[in-house]
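The values are calculated or read from the model by the stated rules, or taken from the named source; none is laboratory data. None of the values given here were measured: they were computed from a predicted structure. When we count neighbours, we look across all protein chains shown, and the Cβ atoms used for this are built from the backbone with ideal geometry, even at glycine. Please note that ligands, DNA and RNA were not included when accessible areas were found on the heavy atoms of the full protein model with its side chains. Shrake-Rupley method; radii C 1.70, N 1.55, O 1.52, S 1.80 Å.
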Amino acid sequence: MTSADWIKDVPVAHRGYHDMNKTVWENTLSAFSRAIDAGFAIECDIQLSADSVPVVFHDNKLERLCGIKGDVRERTAAELGMLSIGGTADKIPTLKQMLTLVARRVPLVIEIKGRQADEDDGFVDDVLDVLEGYEGKVALMSFDYHILRALKQAEAPYPLGLTAEGSKPEEFFNHDEAMQLGLDFISYHWAHLPNSFVAAQADAGIPIITWTVRDAKAVEHTYKYAKQMTFEGFDPRENPAA
């Protein structure tokens, strides 16, 4: 296992420090620059382009953020890099472009957005190839067991985490199966805390962070049951909107 203790040190800006897609949009270089200036860690999402380049984008489909139909995986990185996000000057960045911008200044918590196992062959290797040589703090996480298993099999030299939610025993069973891979931290939906699964993992020394915190109630709840939050829509240095 690799220590993920640093993940609790500062609040984590969900998809960068955007302004809820008013003028600064999620998962853009502008949102990442804003997080760097504020000193927040950055959470971001990684998809794979048609030419196997890791790009920073949350959705499988382009429509919500770019206003056009189609799947991210149907376009090359160059084509995606020409698409405006929210009608702004920001385009869909590659992981490499984001790393160049961040340049070790703040920690990165990177979520790999898997599909089906047979569709994701090589995805983890492509991400690790881009990360090789980057000297800043990086943690990798996923909802997807097959992605986490591939990261362990590749001996990824970063803290690895389970992104999860749920409060039912059958969900805890699946989460336990993932943790048996030897993961280093958990990012859990704040509203599903406390629960027996997370409590047991915390007792075992696994750092717990939450997602996605948007108000004072969620902040208070997070720090009662976890070590740090992934937030959006407010400035944690001030009082969040109630």
Exercise. Working out 0.36 nm times the residue gap between E165 and D125, then minus their Cα-Cα distance, what length gain in nm do you get to one decimal?
Worked result: 11.8 nm
Problem set entry | Dipole in debye (nearest 20) - the chain, about Cα centre, beta carbon charges: Lys, Arg +1; Asp, Glu -1 | 700
Problem set entry | Of A139, A191, G86, farthest towards positive along the dipole that unit charges on Lys, Arg, Asp, Glu beta carbons give the chain | G86
Exercise. If a helix is a whole DSSP H run, which ones in the chain reach 18 Å or further along their own axis (Cα) and hold a mean Kyte-Doolittle hydropathy of at least 0.0?
Worked result: none
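How do F172, F32 rank by accessible surface area computed with a 1.4 Å probe, from largest to smallest?
F172, F32
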Problem set entry | Positive dipole terminus of the chain, leading residue within F40, Q180, A200 (C-beta point charges) | F40
Exercise. Protein chains only, probe 1.4 Å: how do F143, F185, F173 rank by accessible area, largest first?
Worked result: F173, F143, F185
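May I ask you to compute the full-extension gain from A103 to T76, defined as 0.36 nm times their residue separation minus their alpha-carbon distance, rounded to one decimal in nm?
7.2 nm
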Exercise. Simple spin-label model, 7 Å along Cα-to-Cβ: A89 to D215 in nm?
Worked result: 3.6
For this session: Could you sort out which of K8/K224; K8/K96; K22/K113; K22/K91 sit more than 22 Å apart by Cα distance in this structure?
Result: K8/K96; K22/K113
For this session: Could you point to the label whose value was computed as Cα Rg over 2.2 N^0.38 Å for the structure here, given (1) 1.18; (2) 0.96; (3) 1.06?
Result: (2)
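With every protein chain kept in place and ligands, DNA and RNA left out, what is the accessible area per residue of segment 138-242? Probe 1.4 Å, answer in Å².
Values: 4920 Å² over 105 residues.
I get 47 Å² per residue for segment 138-242.
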For this session: Using the Karplus curve 6.51 cos²θ - 1.76 cosθ + 1.60 with θ = phi - 60°, work out ³J(HN,Hα) for each residue of segment 226-235 in order, rounded to whole Hz, and write x for Gly and Pro.
Result: 9, 9, 7, 10, 9, 10, 7, x, 7, 9
Exercise. For the pair A117 and D51, what calculated FRET efficiency results from E = 1/(1 + (r/R0)^6), where r is the Cβ-Cβ distance and R0 = 25 Å, to the nearest 0.05?
Worked result: 0.75
For this session: Excluding residues fewer than 8 places away in the same chain, name every one of the aspartates and glutamates whose C-alpha is closer than 17 Å to that of K227.
Result: D5, D9, E43, E165, D184, D203, D215
Problem set entry | Cα-centred dipole magnitude for segment 43-135, charges only on beta-carbon of K, R (+1) and D, E (-1), debye, nearest 20 | 520
For this session: Only Lys, Arg, Asp and Glu count, each charged at its Cβ (+1, +1, -1, -1), so figure out the dipole size of segment 76-129 about its Cα centre, rounded to 20 debye.
Result: 500
Problem set entry | Extension reserve of the D59-S196 stretch, reckoned as 0.36 nm per residue once the Cα distance is removed | 46.2 nm
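Report for the chain the percent antiparallel among DSSP-assigned beta bridges with both residues inside it, nearest 5. List each step's numbers first, then the result.
Numbers: 6 of 34 bridges.
In the chain, DSSP labels about 20 percent of beta bridges as antiparallel.
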For this session: Heads up, I need the accessible area for Y188: 1.4 angstrom probe, whole protein in place, Å², nearest 10.
Result: 0
